[in-house]
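The values are calculated or read from the model by the stated rules, or taken from the named source; none is laboratory data. Please read these numbers as outputs of a predicted model, since none were measured by experiment. Reconstructed Cβ throughout: ideal geometry from the backbone, glycine too, with neighbour counts over all protein chains shown. Accessible surface is based on the protein model in full, side chains and every heavy atom, while ligands, DNA and RNA are left aside. Shrake-Rupley method; radii C 1.70, N 1.55, O 1.52, S 1.80 Å.
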Amino acid sequence: MSGFSAAWLALREPADLAARSDVVTQAVVSALADVPHARLVDLGSGAGSNVRFLSARLHGSHEWLLVDDDAALLQIAARSSTAAVSTRVHDLRHLDPSLVVGRHLVTASALLDLVSGAWLDDLVRQCRQAAAQVLFALNYDGRLSCTPADPHDDFVRDAVNRHQRGDKGFGPALGPSAGVEAARRLEAAGYRVVRERSDWTLDGRQAELQRQLIAGWALAATEIAPADAGEIDAWRQRRLALVARGTSIVTVGHDDVAGVLRP
């Protein structure tokens, strides 16, 4: 989705790939094993990380439609893909049914925490009507933890989670409840749900990713609690000092959710 730079997406991709749930991924791969030529759509493709991850694990012939509102990111995704892909520049705030019709798999990564419950209702309904398998990966679940601990960690986390529920362009965002709500809706629509954690665990090898996360969290917390801006900035500086010393470990909670249609 727009607002995410190619540099940021490249920085987070190794953490994303390391975090993905093998159990959830395999549930979808197995569901598609008997499809001779699978047609798949990736919503909010960005630079194509989700497509690269899944293409390396799918069996047989398959082709992708990559959807995003950023044409430059879609060009990067298409160039870097070893699978057959086509791209479509589209604002996903308006969920066009033609994106889903005829697809064997509908997938998205790091998207659902941005969308509203009504938007997700519409997507799940369209997926079920199309008899498509579903995979929603890397849904933020509200868990943030930092080691060594700081007295203001909980305050910042709670402010970030309040910020996550704000309107990101789709209406009031699901934020930390995205995975739970996706699982509930998929099960109600007749899917077998497979869900497992897919947490980021970041240490000194991901120092730059930690720095950018800490800066982003501080900004979000300040927007929620401007009267506490001074204390939030002091927290930011203490956390960045730990990153610089190589002693910081950050865990960001996610989950992966698959909806598999019963035979």
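Restricting attention to the stretch 90-109 and to residues that are open to solvent by 20 Å² or more (accessible area, probe 1.4 Å) and within 19 Å of the chain's Cα centre (by Cα), the residue that is nearest to Val257 (Cα to Cα) turns out to be Ser109. Would you be able to say whether some residue in the stretch 3-20 is in a loop (DSSP other than H, G, I, E, B) and closer than 25 Å to Arg125 by Cβ? No, the stretch 3-20 has no match at all. Considering the conditions (1) of a type outside the set (Lys, Arg); (2) open to solvent by 50 Å² or more (accessible area, probe 1.4 Å); (3) farther than 22 Å from Ala38 by Cα, Leu112 is excluded by exactly one of them, (2).
Restricting Gly246, Gly259 to those that are in contact (Cβ under 8 Å) with a residue 12 or more places away in the chain and more than 18 Å from the chain's Cα centre (by Cα) reduces the list to Gly246. Screening Ala77, Ala31, Ala19, Ala83 for residues that are among the aliphatic types (A, V, I, L, M), within 15 Å of the chain's Cα centre (by Cα) and open to solvent by less than 40 Å² (accessible area, probe 1.4 Å) leaves exactly one candidate, Ala19.
Considering the conditions (1) open to solvent by less than 60 Å² (accessible area, probe 1.4 Å); (2) acidic (Asp, Glu); (3) farther than 25 Å from Ala130 by Cβ; (4) over 14 Å from the mean Cα position of the chain (by Cα), Asp69 is excluded by exactly one of them, (3). Which one of these is out of contact with any helix residue (DSSP H, G or I) (no Cβ under 9 Å at 6 or more places or on another chain) and β-branched (Val, Ile, Thr): Val180, Val193? One residue alone meets the criteria, Val180. Selection of the stretch 159-180 for residues being surrounded by 15 or more Cβ atoms within 10 Å (Cβ to Cβ) and touching a strand residue (DSSP E or B) at 6+ places or on another chain (Cβ under 9 Å) yields Val160, Asn161, Gln164, Arg165, Ala173, Leu174, Gly175, Pro176, Ser177, Ala178, Gly179, Val180.
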